[in-house]
Amino acid sequence: MADSPPVLYIVGGGLSGISAAEVLSRGEGRPRKVVLLEARPRLGGRTSSYRESHDGQVHDTGQHLFMDAYVATRSLLKVLGTESRLTFLDPLSLYMMDRKEKLSFLELPLHNGQLGLLSGILMFPGLSFLSRLSMLKIARALPERESSVDHMDARTFLRNNGQTAEAIDKFWELLIVSATNLPSDQVSASLLVSVLRESLFSAGGPKTLGYNTVPLSELIGDPAMKLLTRRGVDIRCRTPVSRFLVHQNRLTGMQIGKDTRMLGPDDHVIVTVPPWSFEELFPSTEMNNPMIQNIVRLSKPSPILSVHLWFQEPVAVPMMTGFSEHDMHWVFNRDYMMGRALPAILPDKKLADFSYSGPLGDFYPGRMLSCVVSGARESLEEDDDELIEKARKTVLRLSPGSPDKKLVFARVIRERFATPIFSPGQGMWRPLAHSFLDNLWIAGDMQDTGLPATMEGAVRAGFQAAFEVEKRLERRLREDRKYQPGRGEPS
Ligand SMILES: Cc1cc2nc3c(=O)[nH]c(=O)nc-3n(C[C@H](O)[C@H](O)[C@H](O)COP(=O)(O)OP(=O)(O)OC[C@H]3O[C@@H](n4cnc5c(N)ncnc54)[C@H](O)[C@@H]3O)c2cc1C
């Protein structure tokens, strides 16, 4: 190796960049320097929170759900010391409301394994018996290789595999748009298959859903900043990389603001920016490169819209309710999920006055609720007042006894660049960790992990790119040892 230790750069401090930095900074005293370059003032990327001027509290810009099967994410959170800030649903229970405002309770006692899943589906009152039976058949329809159905959209896959129109519209559509951020007729069936394999039909038994009980910034970005700083990672926020310098098959430098940083022979760069920020990093001479062209094809984002609502008095709603065939997809009782006390309870009332156990299950009082629309291309163009009114009405459909509940504040958050789109046939465009340059590695949720663009995809991609760099450094070290003077010529 060269005299100076390698410098390992990570561009982008979202989940993927944090994961890569975590791997590369393991073990003390290794001869290397790890530098994390992030354009924004904080780490965390799309898992972000903000301080709300209305109530002075920190809220997430958009609700994130976790899966029990997010093994890489959970292992990262364990190292960050925040895994215990996730709560997993056992049994997996949620409400679903259909177009006719029929509210049904889905309860899957997944701790009982496949039996719990099957019994939960069979008991679900939101679908006809025929539809429930059809759903049970889906496990057998999952192909061995997800990529074999990449050419097909998820809706066609479901139809081809015996799912009734009712099951698709009232159940699968909501699951798919929530898991992939795209409607079922626009997303590759391979992603549905991989989601089902990792969750309900996992080889190790069905997996449940979970959520964060502290803001995402406290779960991920802030503790990552602390851990990585303690490990000696040089973290530079507000430091966007504007251009890569390329010569032949190597990255030779990076333009960072007005400075140009040249790379040494053993330096490596892991780039974790989303596809829509990727192309601009490369000089025009590289634009014909097939990998860059493929990533450009993936760079159309699918948006997510959140409408946060604050009611004057608590409204009793379930913790989470999904809406099928409706323009809002979810209502989350944020106060309940975050374990927040309810300050506005009037002196003559008790918490119990606002909560009740209905015939279906528990409704909890909450003043701050959040309505979410995934794959929200159309809703994005509606104006705030319209969206707030829709969200308010959606909440009140759930809580029909309280039509007079007064809204005191609302915030509409449009995440235009929420996730990349992986349409049918686009799986082959997703990059692997190896790039076309010898010392450049690709991570981020666009990497070909087989998963939709999710937190788990981002973490696995970051880990994978970092492991590849480690392998390359080890190989280089072995070669150096072999050729050391006094050891003789290689045979
Ligand atoms: C509202 C919303 C809800 C979501 N819900 C879920 C969910 O329920 N479950 C789930 O699993 N996933 C969910 N996701 C998706 C998940 O958040 C992302 O897949 C994941 O966070 C992506 O991480 P990443 O590190 O790949 O990318 P990012 O988080 O985008 O990180 C990339 C980083 O690179 C930085 N950057 C960009 N350009 C440069 C540059 N030139 N120089 C330096 N830095 C740069 C950016 O500022 C950013 O911090 C949701 C996303 C959104 C927006």
Selected residue [modelled with pLDDT under 95 and part of a helix (DSSP H, G or I)] from Arg460, Arg476:
Arg476
Just for region 94-111: of the residues that are over 27 Å from the mean Cα position of the chain (by Cα) and free of Cβ contacts under 8 Å to residues at least 60 places away in the same chain, which one is surrounded by the most Cβ atoms within 10 Å (Cβ to Cβ)?
Lys102
Looking at Leu432, Leu451, Leu437, which is the one that is open to solvent by less than 20 Å² (accessible area, probe 1.4 Å), out of contact with any Pro (no Cβ under 9 Å at 6 or more places or on another chain), part of a loop (DSSP other than H, G, I, E, B) and within 30 Å of Ala179 (Cα to Cα)?
Leu451
In the list Val79, Val34, which residue meets the criterion of being of a type outside the set (Asp, Glu), closer than 25 Å to Ile220 by Cα, away from the ligand (no atom under 14 Å from the Cβ) and assigned to a strand (DSSP E or B)?
Val34
Given (1) of a type outside the set (Lys, Arg); (2) at pLDDT below 95; (3) under 23 Å from the mean Cα position of the chain (by Cα), where does Ala418 come up short, assuming only one miss?
(2)
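For (1) under 21 Å from Ala418 (Cβ atoms); (2) touching a residue at least 60 places away in the same chain (Cβ under 8 Å), each residue gets a yes or a no:
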position	(1), (2)
Ala21	no, yes
Arg30	no, no
Val35	no, yes
Arg42	yes, yes
Thr47	yes, yes
His54	no, yes
Gly62	yes, yes
Thr73	yes, yes
Considering region 24-47 alone, what residues qualify as being out of contact with any Phe, Trp or Tyr (no Cβ under 6 Å at 6 or more places or on another chain) and open to solvent by less than 30 Å² (accessible area, probe 1.4 Å)?
Leu24, Ser25, Val34, Leu36, Leu37, Glu38, Leu43, Gly44, Gly45, Thr47
Please go through (1) within 26 Å of Arg46 (Cβ to Cβ); (2) in a strand (DSSP E or B) for Pro314 and return the number of the only condition it doesn't satisfy.
(1)
For region 366-386: of the residues being at pLDDT below 95, charged (D, E, K, R) and not in a helix (DSSP H, G or I), which is farthest from the ligand (Cβ to nearest atom)?
Arg367
Index of the failed condition, Tyr9 passing every other in (1) more than 19 Å from the chain's Cα centre (by Cα); (2) surrounded by fewer than 23 Cβ atoms within 10 Å (Cβ to Cβ):
(2)
What tally of residues in region 82-93 results from selecting those that are open to solvent by 60 Å² or more (accessible area, probe 1.4 Å) and part of a helix (DSSP H, G or I)?
2
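So in region 142-166, with the set limited to residues that are of a type in the set (A, V, I, L, M) and under 16 Å from Leu200 (Cα atoms), which one is most open to solvent (accessible area, probe 1.4 Å)?
Looking at residues that are of a type in the set (A, V, I, L, M) and under 16 Å from Leu200 (Cα atoms), I get Leu142.
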Do we have any residue at all in region 247-267 that's in contact with a helix residue (DSSP H, G or I) (Cβ under 6 Å, 6 or more places away or on another chain) and away from the ligand (no atom under 14 Å from the Cβ)?
no
Against the conditions (1) open to solvent by 60 Å² or more (accessible area, probe 1.4 Å); (2) closer than 30 Å to Thr61 by Cβ, where does Ala443 fall short? Just the number, please.
(1)
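Of the residues that sit in region 52-76 and are charged (D, E, K, R) and open to solvent by less than 20 Å² (accessible area, probe 1.4 Å), which one is nearest to the ligand (Cβ to nearest atom)?
This residue is Asp60.
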Per the list (1) part of a helix (DSSP H, G or I); (2) open to solvent by 40 Å² or more (accessible area, probe 1.4 Å); (3) within 11 Å of the ligand (Cβ to nearest atom), residue check on Gly221 breaks on (2)
Within region 99-113, the residues that are in contact with a helix residue (DSSP H, G or I) (Cβ under 8 Å, 6 or more places away or on another chain) and farther than 21 Å from Ser324 by Cβ are Pro109, Leu110, Asn112
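The values are calculated or read from the model by the stated rules, or taken from the named source; none is laboratory data. Remember, it's a predicted structure, so these values are computed and weren't measured experimentally. Positions of Cβ are backbone-derived with ideal geometry, glycine not excepted, and every protein chain shown enters the neighbour counts. For accessibility, only protein heavy atoms count, side chains too; no ligands or nucleic acids. Shrake-Rupley method; radii C 1.70, N 1.55, O 1.52, S 1.80 Å.
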